Amino acid sequence: MKADVMVIGAGPAGLSAATEAARHGLKVMLLDEQASPGGQIYRALARNTPPPAGAPDILGEDYWRGRPLLDAIDQAAVEYVPGATVWTAETDPLTVGYLKDERSFLRAARSLIIATGAYERPVPVPGWTLPGVMSAGAAQILMKAGGAALNGRIVLAGSGPLLQLVTCQLLKSGAEIAGLLETTTTKDYLAAARHLPRALRARDLLRKGLEMRRTIKASGIRVHKGVTNLQCHGKETVDGISFESRGKPDRIEADLVLLHEGVVPHVQMSRLLDLSHEWFEPQRYWRPVVDEWGETSAKGVFIAGDGAGIDGARAAEASGRLAALQAAAQLGALPNAERDEQAGAAFAQKAKEQRIRPLLDHLYRPPAHIVCPEDPSTIVCRCEEVCVRDIHACMETGCDGPNQLKAYSRCGMGPCQGRMCGLTVSELMAKQRGVTPDEVGYYRIRTPIKPIPLSALAAMEADEEVVAS
Amino acid sequence: MRTGASSNSARYDVIVIGAGIQGLSSALQLALRGRRVLVIEKDGPGRHASGVNAGGVRSLWRHPAEIPLARASLEIWRNIEKLLGTDCRYHSNGSLRIAESDHDMARLDERVAELAGLGYEHEEILGQNALRALVPDVAAHCRGGLYSRDEGSASPFHATWGFFERAQSEGVTFLIGNPVSRIERVGAVWRVHAGANRVEADVLINCAGAWGGELARMIGDDVPLEMEAPTMMVTQRVPRFLGPVCGVVSRKLSFKQTGDGTVLIGGGHRGFVDRDAEIATPDPRKLALSARTVSDVFPMMRDVPIARTWCGIEGMTPDHLPVIGPSVAAQDAFHAFGFSAHGFALGPIVGCIIADLVTKGDAELPVAPFAADRF
Ligand SMILES: Cc1cc2nc3c(=O)[nH]c(=O)nc-3n(C[C@H](O)[C@@H](O)[C@H](O)COP(=O)(O)OP(=O)(O)OC[C@H]3O[C@@H](n4cnc5c(N)ncnc54)[C@H](O)[C@@H]3O)c2cc1C
Ligand SMILES: Cc1cc2nc3c(=O)[nH]c(=O)nc-3n(C[C@H](O)[C@H](O)[C@H](O)COP(=O)(O)OP(=O)(O)OC[C@H]3O[C@@H](n4cnc5c(N)ncnc54)[C@H](O)[C@@H]3O)c2cc1C
């Protein structure tokens, strides 16, 4: 049966959107590929409990703050389907295809709220594909998923609030941190400074950031700033990382290297639907174009949360509510005047959360040497093992766009559907051609956005509304 | 996109519209025969059907009218490296039509009898054991097959690009990114408007693929043509298990393993076409149909993940045969379009046919069944 509102993603944005939509009597379906709700920030929250008094709170108070969202979804009249991976979607009519328990389903909806969040920007440095090198977020997932202790000497490298957070979480967990290599430069600090006055109006967020810095400083771990030329070394697995800090070459031995250069919106779904996107220069990513409610260039299709641009979990929650309110109004379940009245608090919360963003966006600007790797042997596409040199070679023989590059080199054609190389490819081609990444464009994204086993595709169950075609 | 030389109002012997495999092959053959050729392409070489098809180079199961062309084309494919300087990843692993029932087997008998009457012997019937020996992973219910051993497949991208590069090195000029919007006859000269360009030639060739009908109308020919979007899917890599390009007698399927281990699945299910945006998108319901056929015929494929899907835009004629030959309404104009989802294999020979028609006024191969006025 057709859903009034279909929500994809059960992070803070999707949870609040689904709860809000259900409050207006709408038939709501919430799909998420994880086994339990919470998204990235509140991952596995339902299965974790706060530590007893006196024990270290590794994940921190912000993590436990997701509890009310989970309680609300429990009580709401929402059809929540965990373990459901969305692999296709269509507008006109709105249709969503997902994979669950080795079967595929095709469901119709009147409104679609995409709340698929963000993922970590790939950090293509030499050696980044070695076992023992992973993203900071991946390490955090291990911590959230049941406190798997991270053993050995750990080096963290890159920039961004999440890098700081994971460093602090690791410190609390008693992990052995051999170094924190920050790619942030003095120039970034200066560029960020002019956004400080606005950030001062988001005092508690600012305070938290400063607290993390203090924790790191007080811990006495080795910290290098303005780091460039990162290279992971090792034969079978990583055994060290070399770099330059303020022009001086250096190296730290490590058993685990955690790379991170911020998070970027998941645009697979919005690209699949061919929605309008815009290039966000400060953080060098594409984001879907949305209005104040999160509605995209396609009527009745909304993006809520970090998938529309990185504003953080609390803003995600507010934007989920806003999308649901507008969907409810469009579906005739809520008069516009009431929509506006109920939206006030969410607009205010979102605006408040956004005040710190210009500061963060400029302070943690991904460095050029990371977004556009220079070493010719650096692997760009992990799935098909295409490196910088191969891409340059293809361009020399006349290939000038990401889609053509696929045919030339298989770059972007592996199981990750180009998520791990898409941004880097656009950046590399832009630099080579002397234009902006926006002019070069991004891979055309096609069904399936996640690989789907043939048998699951064969065993498709479709809503009546979507079978005819 | 590299554009060779661009030109504002230059004069050529021949203008070819469309840089798909038919246009590129025609341009190359004309250049090899000493003609000054301009190719006009609205998007990019191989951007449409020619660059994204399944790459099947097959004469098996073709309409009898196409067999002489397909067999002659095969000769060129086998020596494609000599012509283009690249092997286009052409592999001669044979093509196979699998019979799932007695009824299917009966159709194979009819087919072989029909071909024998026409003097062809390249399609041979395989019994169940021979089928199993050739494709050990085929499902137990499959009864046999029809096999043509001396054909195979090529990489559409590499082949199309190979023709493009060779045509360039033979002096063909390209005007890329310019849609032809108007064609005038000025005395005995064709004047073609493409983007901001105005170019002239003595002879005009319409190789505009799915847009061939529109181009034909510009010179006064009315040829019925539907735009359709055949769909492809490709799996993640699997260890080598399959040699020939496989089809199934009574269902829509084309199935083959590429050199890198991925499996290409096609066979004619149609996606959605957005005519204005010139984009085609796969229909998930049709993907499910294809997936069902594959898991019936090759059960070992069931757990293999589908990695990507896509569609290409193709021109379909009412009888699913291409239009090849002179214009009906105009002098010094020729068509080669509407290949109805199986024209990739014919590309190399179509270029020769067009070049013969232009330079000699006649083709060596029988092209009467493809006349533009047959509808
Ligand atoms: C690895 C990682 C860790 C992070 N950790 C923190 C943290 O600890 N603290 C913090 O403040 N911020 C963190 N963030 C930032 C994060 O973006 C938060 O701001 C917040 O989680 C965003 O909320 P959201 O609802 O927009 O998306 P998310 O919380 O990311 O939720 C999106 C949900 O969509 C689901 N999804 C995505 N694609 C599909 C699909 N195709 N089919 C089905 N489901 C799908 C995902 O499984 C996920 O549950 C993290 C980000 C990442 C990438
Ligand atoms: C998914 C799929 C699978 C297929 N599998 C096979 C197979 O296995 N074996 C096989 O033999 N065949 C196959 N085919 C069919 C084959 O791809 C086509 O028949 C063949 O490529 C047609 O070539 P073409 O040059 O006529 O058309 P196209 O490649 O479409 O080229 C026509 C060109 O004309 C250009 N054009 C159109 N209008 C204008 C204008 N006004 N101005 C300028 N330029 C213009 C277009 O942009 C286009 O590039 C398949 C087709 C598809 C879509």
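The values are calculated or read from the model by the stated rules, or taken from the named source; none is laboratory data. None of the values given here were measured: they were computed from a predicted structure. In this analysis, Cβ positions are derived from the backbone assuming ideal geometry, glycine residues included, and neighbour counts consider all displayed protein chains. Keep in mind that these areas ignore ligands, DNA and RNA; they rest on the heavy atoms of the full protein, side chains included. Shrake-Rupley method; radii C 1.70, N 1.55, O 1.52, S 1.80 Å.
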Exercise for review: Just name the residue that is nearest to residue B:279 (Cα to Cα) out of those in the stretch B:29-87 that are near ligand 2 (Cβ under 9 Å from one of its atoms) and among the acidic types (Asp, Glu).
Suggested key: B:43
**Study point:** Exclusive hit being of a type outside the set (Phe, Trp, Tyr) and assigned to a strand (DSSP E or B), set A:191, A:178, A:138
**Key:** A:178
Check your understanding: Which residues, counting only those in the stretch A:31-55, are part of a loop (DSSP other than H, G, I, E, B), away from ligand 1 (no atom under 13 Å from the Cβ) and open to solvent by 80 Å² or more (accessible area, probe 1.4 Å)?
Key -> A:49, A:52, A:53, A:54
**Study point:** Matching residues in the stretch A:429-466 - criterion: being within 11 Å of chain B (Cβ to nearest Cβ) and out of contact with any strand residue (DSSP E or B) (no Cβ under 8 Å at 6 or more places or on another chain)
**Key:** A:443, A:444, A:445, A:455, A:458
Study note, to complete from the structure: Among B:339, B:375, the single one that is modelled with pLDDT under 95, aromatic (Phe, Trp, Tyr) and away from ligand 1 (no atom under 16 Å from the Cβ) is B:375
Check your understanding: Within the stretch B:257-273, is even one residue away from ligand 1 (no atom under 16 Å from the Cβ), aromatic (Phe, Trp, Tyr) and open to solvent by 50 Å² or more (accessible area, probe 1.4 Å)?
Key -> yes
Exercise for review: Those residues that are open to solvent by less than 10 Å² (accessible area, probe 1.4 Å), closer than 13 Å to residue A:5 by Cβ and more than 15 Å from the chain's Cα centre (by Cα), I need them from the stretch A:298-321; list them, please.
Suggested key: A:300, A:301, A:302, A:320
Point to revise | Neighbours by Cβ (under 6 Å, 6+ apart or cross-chain): first from the stretch B:12-40, assigned by TED's automatic domain parsing to the domain that holds residue B:216; second among the hydroxyl-bearing types (Ser, Thr, Tyr) | key: B:16/B:26; B:20/B:50; B:21/B:50; B:21/B:160; B:33/B:359; B:36/B:12; B:38/B:12; B:38/B:173
Review point. Looking only at residues in the stretch B:132-170 that are within 14 Å of chain A (Cβ to nearest Cβ) and aromatic (Phe, Trp, Tyr), which one is nearest to residue B:39 (Cα to Cα)?
Key: B:164
**Study point:** Qualifying position, being crowded, with 24+ Cβ neighbours inside 10 Å, more than 14 Å from chain A (Cβ to nearest Cβ), in contact (Cβ under 8 Å) with a residue 12 or more places away in the chain and not in a helix (DSSP H, G or I), among B:354, B:306, B:324
**Key:** B:324
Practice item. Being surrounded by 24 or more Cβ atoms within 10 Å (Cβ to Cβ) and closer than 27 Å to residue B:173 by Cβ is the filter here, so list the residues in the stretch B:216-249 that pass it. Key: B:216
Study note, to complete from the structure: Residues in the stretch A:373-404 that are under 26 Å from the mean Cα position of the chain (by Cα), away from chain B (no Cβ under 11 Å) and within 25 Å of residue B:169 (Cβ to Cβ) total 1
Point to revise | Within the stretch A:421-457, tally of residues that are out of contact with any Phe, Trp or Tyr (no Cβ under 8 Å at 6 or more places or on another chain), of a type in the set (A, V, I, L, M, F, W, C), at pLDDT 95 or above and open to solvent by 10 Å² or more (accessible area, probe 1.4 Å) | key: 2
Point to revise | Selected residue [of a type in the set (A, V, I, L, M), touching a Phe, Trp or Tyr at 6+ places or on another chain (Cβ under 7 Å) and either at pLDDT 95 or above or within 15 Å of ligand 1 (Cβ to nearest atom) (or both)] from A:73, A:8 | key: A:73
Point to revise | Selected residue (only one of A:217, A:225 is over 21 Å from residue A:144 (Cα atoms) and loosely packed, with under 13 Cβ neighbours inside 10 Å) | key: A:217
Point to revise | Single residue of B:146, B:175 found to be of a type outside the set (Lys, Arg), in contact (Cβ under 8 Å) with a residue 24 or more places away in the chain, open to solvent by less than 40 Å² (accessible area, probe 1.4 Å) and near ligand 2 (Cβ under 9 Å from one of its atoms) | key: B:175
Study note, to complete from the structure: Only one of A:393, A:345, A:337 is hydrophobic (A, V, I, L, M, F, W, C), open to solvent by 40 Å² or more (accessible area, probe 1.4 Å) and modelled with pLDDT under 95, namely A:393
Study note, to complete from the structure: Residue pairs within 8 Å by beta carbon, gap of at least six or interchain, first lying in the stretch B:258-286 and on the phi > 0 side of the Ramachandran plot and more than 8 Å from chain A (Cβ to nearest Cβ), second aliphatic (A, V, I, L, M) and surrounded by fewer than 17 Cβ atoms within 10 Å (Cβ to Cβ), listed first then second, are B:261/B:238
Study note, to complete from the structure: Inside the stretch A:238-297, the number of residues satisfying the requirement of being open to solvent by 20 Å² or more (accessible area, probe 1.4 Å) and β-branched (Val, Ile, Thr) is 3
Check your understanding: If you scan the stretch A:405-422, which residues turn out to be outside any helix (DSSP H, G or I) and more than 11 Å from every other protein chain (Cβ to nearest Cβ)?
Key -> A:411, A:419, A:420, A:421
Point to revise | Extreme residue, nearest to ligand 1 (Cβ to nearest atom), among residues of the stretch A:102-117 that are more than 13 Å from residue A:452 (Cβ to Cβ) and surrounded by fewer than 21 Cβ atoms within 10 Å (Cβ to Cβ) | key: A:108
Check your understanding: Just a yes or no: is a residue in the stretch B:72-83 of a type outside the set (Ser, Thr, Tyr) and within 14 Å of chain A (Cβ to nearest Cβ)?
Key -> no
Check your understanding: Has the stretch B:183-193 got at least one residue that is in a helix (DSSP H, G or I) and surrounded by fewer than 24 Cβ atoms within 10 Å (Cβ to Cβ)?
Key -> no
